[in-house]
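K.L.:
Sharing a structure below in structure tokens format, with a few things to ask.
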Amino acid sequence: MTKRALAALLLLAVALPLHADFGEIARAIDRHTGVKRQWIPFLGLARTVVRVIRPEGVHDFQLATFEGAGKIDPRELRGIVESKMGAGFTPLVRAWSRRSGEWSFIYVRPIGNRIELMVLAHDDEDTVLVRVDVDADVLAKELHEPRNVHRVARR
Amino acid sequence: MRKFLFVFLLTLLTAMPAAAQKINLDFPELAERAEEEVEITLDASMLRMAGKFFSGHDADERAVRDMINGLSGIYVRSYQFGSDWEYDRNLFKRVKAQLGATWKPFVNVRSKTKDNVVIMADMRGDKITGLVIIASEPREFTIVNIDGPIDIERLSSLEGEFGIPHITKERDRD
């Protein structure tokens, strides 16, 4: 039993730093004036289910939502994300509408045949930070058919 | 010492044309004035990944996939403004100033009322190893840099993909 617990602890210690960047980013955004992190019930359970079942090629995900329309400077939050995200992430899309106040920054990190996406998006009063680890082949297959794109978007 | 310098200079001269030319597409003053801005950055590893989005069943898609796999990067910067000509009309010259002697004008469409399109190609012999596309309208400015060997006949198939604007199709419609 001690051996098993030790192995589990070791595994946890090795696995945790791989995704520590997400937690750090979320905490840094939470400390930012104007936004407050929202607790999402059963999110941990949903994440565990996804990690086991891997629906549609999704290996893992993390999600943090923030509320508040305080004075948010996207450049400041972008700086937070870029300084705290793990090595290997590159900016894929940065879109910012000063007219509507909406913005989104998407970063990507290829890991073998998988893609890790880090998305920070903001609209009127919500800011969302998502990390998704998805199978590139499955994603490619899903997005190849226009009907599937619609289905994926609706989900 | 002289020998060392000679070898060093020779190495530098040999290496320079081979080195990928990094073109600065980021103009902070544009981003400051723009109402909407979109930046898309696809480096070589991401392009390999994006290549998977094109199936190998269709010959055209296979050709596009092969071309994408040979590219080093696709960079798109697009800005929309609230009023006409809020940006420097001579921005093209600032981009052109960064390009070396191998870059030649490929397409140059000028219009006082419609959009202007300038395409510069990096010509190495009879091969194109890079493209800069600048599309400007009174309220919109888009610049695209495609880095890597390009089959010009298949280039139009990239229009509408990865944020690259439709150029030929819009022009055909006009």
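K.L.:
How charged is the neighbourhood of A:S97? Take every other residue with its Cβ under 11 Å from the Cβ of A:S97, and add Lys/Arg as +1 and Asp/Glu as -1.
P.N.:
Spelling it out: positives minus negatives among the neighbours equals -3.
K.L.:
Calculated FRET efficiency, B:E86 and B:F106, Cβ-Cβ r, R0 30 Å, to nearest 0.05?
P.N.:
0.60
K.L.:
Then there's this: For the stretch B:55-142, with only Lys/Arg (+1) and Asp/Glu (-1) charged at the beta-carbon, what is the dipole magnitude about the Cα centre, in debye rounded to 20?
P.N.:
With only Lys, Arg, Asp and Glu charged at Cβ, the dipole is about 440 debye.
K.L.:
Moving on to the next point. Divide, for the stretch B:63-114, the radius of gyration over alpha carbons by 2.2 N^0.38 Å, where N is the residue count.
P.N.:
Compared with the compact-globule rule of thumb, the stretch B:63-114 sits at 1.56.
K.L.:
Here's another thing I want to ask about it. Whose amide H sits under 5 Å from the amide H of A:H59, counting only residues 5 or more places off or on another chain, with H placed in the peptide plane?
P.N.:
A:D133, A:V134, A:D135
K.L.:
Of A:Q62, A:F89, A:T48, which is farthest on the positive side of the dipole of the stretch A:45-114, counting Cα position, with +1 on Lys and Arg Cβ, -1 on Asp and Glu Cβ, and the Cα centre as origin?
P.N.:
Of the candidates, A:F89 comes out farthest on the positive side.
K.L.:
What does the buried accessible surface come to for A and B, summed over both chains, with the probe at 1.4 Å? Round to 100 Å².
P.N.:
1900
K.L.:
Mind checking the stretch A:75-130 for GluC sites (Glu not before Pro) that DSSP puts in a loop (not H, G, I, E or B) and that have at most 15 other Cβ atoms within 10 Å?
P.N.:
Loop-located and lightly packed - A:E102, A:E125.
K.L.:
Take the alpha carbon gyration tensor of the stretch A:30-132, find the square roots of its eigenvalues, order them as a ≥ b ≥ c, and report rounded if a/c is under 1.5; if not, report prolate when a/b exceeds b/c, else oblate.
P.N.:
oblate
K.L.:
OK, next. Could I have the simple spin-label model distance between A:V128 and A:A28, label points 7 Å from Cα toward Cβ, reported in nm to one decimal?
P.N.:
2.2
K.L.:
Pop out the Kirkwood hydrodynamic radius of the stretch A:77-118 from its pairwise C-alpha distances, inverse of mean 1/r, in Å to one decimal.
P.N.:
Its Kirkwood hydrodynamic radius stands at 11.3 Å.
K.L.:
For B:D126 and B:E61, what does the FRET efficiency come to when R0 = 25 Å and r is the distance between their Cβ atoms, rounded to the nearest 0.05?
P.N.:
In this case the efficiency is close to 0.45.
K.L.:
Then there's this: Sorted by accessible area with a 1.4 angstrom probe, largest first, how do A:K141, A:K84 fall?
P.N.:
Descending accessible area places them as A:K141, A:K84.
K.L.:
Return the FRET efficiency for the residue pair B:N24, A:K36: r is the Cβ-Cβ distance, R0 is 25 Å, and the value is rounded to the nearest 0.05.
P.N.:
The value I calculate is 0.05.
K.L.:
Here is a further query. With θ set to phi - 60°, apply the Karplus curve 6.51 cos²θ - 1.76 cosθ + 1.60 along the stretch B:102-110 and write out the HN-Hα couplings as whole Hz, x wherever there is a Gly or Pro.
P.N.:
Per residue, the Karplus-derived 3J(HN,Hα) values read 6, 7, 10, x, 10, 9, 9, 10, 10 Hz.
The values are calculated or read from the model by the stated rules, or taken from the named source; none is laboratory data. The structure presented is a predicted model; accordingly, all values stated were derived computationally and were not measured. Ideal geometry is used to build each Cβ from the backbone, glycine not excepted, and the neighbour counts take in all protein chains shown. For the accessible areas, the whole protein counts, side chains as well, though only heavy atoms, and no ligand, DNA or RNA atoms are used. Shrake-Rupley method; radii C 1.70, N 1.55, O 1.52, S 1.80 Å.
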